[in-house]
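Working notes, structure below.
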Amino acid sequence: MPVARSIAEQLERASWIRRMFEEGARLKQERGTKNIFDFTLGNPEVEPPALTLEILRRTVERGLPGSHGYMPNPGFPQVRRAIAEKLRRETGLAFTADHVCMTVGAAAACNVILKSILDPGDEVILLAPFFAEYPFYVGNHGGRVIVVETDRDCLPDVRAITWAITNRTRAIILNTPNNPSGRVYPASVLGELDTVLSRLPNPPLVISDEPYRQLVYDGQTQPPVAAAIANTAICYSWSKAQALAGERIGFLALSPRLPDVAQMFAACAFANRTLGFVNAPALWQLVMAEAADACVDVAAYQHKRDLLCAGLARAGYEVRKPEGGYYVFLKSPIPDDVAFVGRLLKQGVLAVPGVGFGRAGYLRLSITVALDTIERSLPAFARALQSA
Ligand SMILES: Cc1ncc(COP(=O)(O)O)c(C=O)c1O
């Protein structure tokens, strides 16, 4: 049975990721895992906060009746009330349980909202560089991707976004702190975008994908997108802030300022079920009613960022420190980022080329690695640069 043409095409487009992993696995076998420095995956390498694990234990032991059964599709009402309360605190907006749908991570939240708003051929604006899975999410629901470049500093170019909006534009996906660029979008840029959107007769929805929201460095914070932009749906997960990526727990929250928000919420609750998620993991919902604000040690990630960036700069790379998130987005010393990733590979360093995120000429390096991996990899980065 042949697979669908659209999936065959997507597999082909994603095949560079597979090839890189295969090559990485081969090198690890050949040279030993310790001699290969893998900066490709944003997979949390630390354990979840002790408080979260303690609440998980207590929740299991308490064994509340009904804690393992079906519940309303958007999630346990008391959990949604707790998340709404947190969002009210953070944004000053009148969120209630009827704006919050618990989801199977941020990936599911993005798919649920896209499923709820897209008709075939509707357009979704992505700001390059972008998370490599977004085009597939948009494609899942018959949407058409429109790529708009960010500026030289990887911040949204509001004028370029304005030009790209047509009467088919249904959404703009914003991701801050950004994967892969590490930029934290300032309130001024968000405000500028809101001003432009609020003048349109049918403004597109801003899908604010914010799984890195708490991972911001140097004492900065991420200004809440929903507070700055009226037409916002928040996609969140605890994968990064609590190192729970395998547990699949997050939420979708619709801004109370959205027109027809009740109808949109009904569509999302329906999509959450019919996409096959049915509901978010029951136990983890109950845990998050109490542990929503817990966070891994952000200072430890900042330390790794500093060590990697300082080492790369010393070796002669042009590097901008990420303001948040998991990744250093490094300028490739030669224009062909795929070729430079090949040179790094020869030195035992695995990195992802920027072209995979819609911005050639860059490389993405994850900081979710052991300190020792960073320290031992620096001579290999230096050798790759000398060979360039
Ligand atoms: C920008 C972005 N959005 C969404 C996701 C998916 O998050 P989750 O695994 O929590 O669903 C990721 C994961 O890496 C991401 O980087």
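The values are calculated or read from the model by the stated rules, or taken from the named source; none is laboratory data. Just so it is clear, the structure is predicted and the values come from calculations on it, not from any experiment. All Cβ positions, even for glycine, are placed from backbone atoms using ideal geometry, and neighbour counts span all protein chains on display.
Within the stretch 357-371, the presence of at least one residue that is small (Gly, Ala, Ser), under 20 Å from THR176 (Cα atoms) and either within 16 Å of the ligand (Cβ to nearest atom) or crowded, with 19+ Cβ neighbours inside 10 Å (or both) is confirmed.
Restricting attention to the stretch 133-147, does a residue exist that is more than 26 Å from LEU275 (Cβ to Cβ) and among the small types (Gly, Ala, Ser)?
Looking for residues that are more than 26 Å from LEU275 (Cβ to Cβ) and among the small types (Gly, Ala, Ser), one finds none in the stretch 133-147, hence no.
Considering only residues in the stretch 216-225 that are closer than 24 Å to ALA299 by Cβ and either crowded, with 24+ Cβ neighbours inside 10 Å or among the β-branched types (Val, Ile, Thr) (or both), the one that is nearest to the ligand (Cβ to nearest atom) turns out to be VAL216.
Considering the stretch 93-108, the residues that are within 9 Å of the ligand (Cβ to nearest atom) and over 18 Å from VAL145 (Cα atoms) include one that is surrounded by the fewest Cβ atoms within 10 Å (Cβ to Cβ), namely VAL104. Of the residues making up the stretch 68-94, those that are under 25 Å from ILE125 (Cβ atoms) and in contact with a Leu (Cβ under 8 Å, 6 or more places away or on another chain) are LEU87, LEU93.
Within the option set THR232, THR176, being under 23 Å from LEU330 (Cβ atoms) and within 16 Å of the ligand (Cβ to nearest atom) holds for one residue only, THR176. Taken together, the residues in the stretch 315-332 that are surrounded by fewer than 19 Cβ atoms within 10 Å (Cβ to Cβ) and in contact (Cβ under 8 Å) with a residue 24 or more places away in the chain amount to 5.
Could you tell me which residue of the stretch 241-280 is surrounded by the fewest Cβ atoms within 10 Å (Cβ to Cβ), considering only residues that are β-branched (Val, Ile, Thr) and assigned to a loop (DSSP other than H, G, I, E, B)?
Among them, the one singled out is VAL278.
The combined condition, being within 16 Å of the ligand (Cβ to nearest atom) and not assigned by TED's automatic domain parsing to the domain that holds ARG170, is not fulfilled by TYR212.
This table checks each residue for (1) farther than 24 Å from VAL100 by Cα; (2) under 18 Å from the mean Cα position of the chain (by Cα); (3) surrounded by 20 or more Cβ atoms within 10 Å (Cβ to Cβ).
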site	(1), (2), (3)
ARG183	yes, yes, yes
GLU192	yes, no, no
SER198	no, no, no
SER208	no, yes, yes
TYR212	no, yes, yes
ALA227	no, no, no
ASN231	no, no, yes
ILE234	no, yes, yes
SER239	no, yes, yes
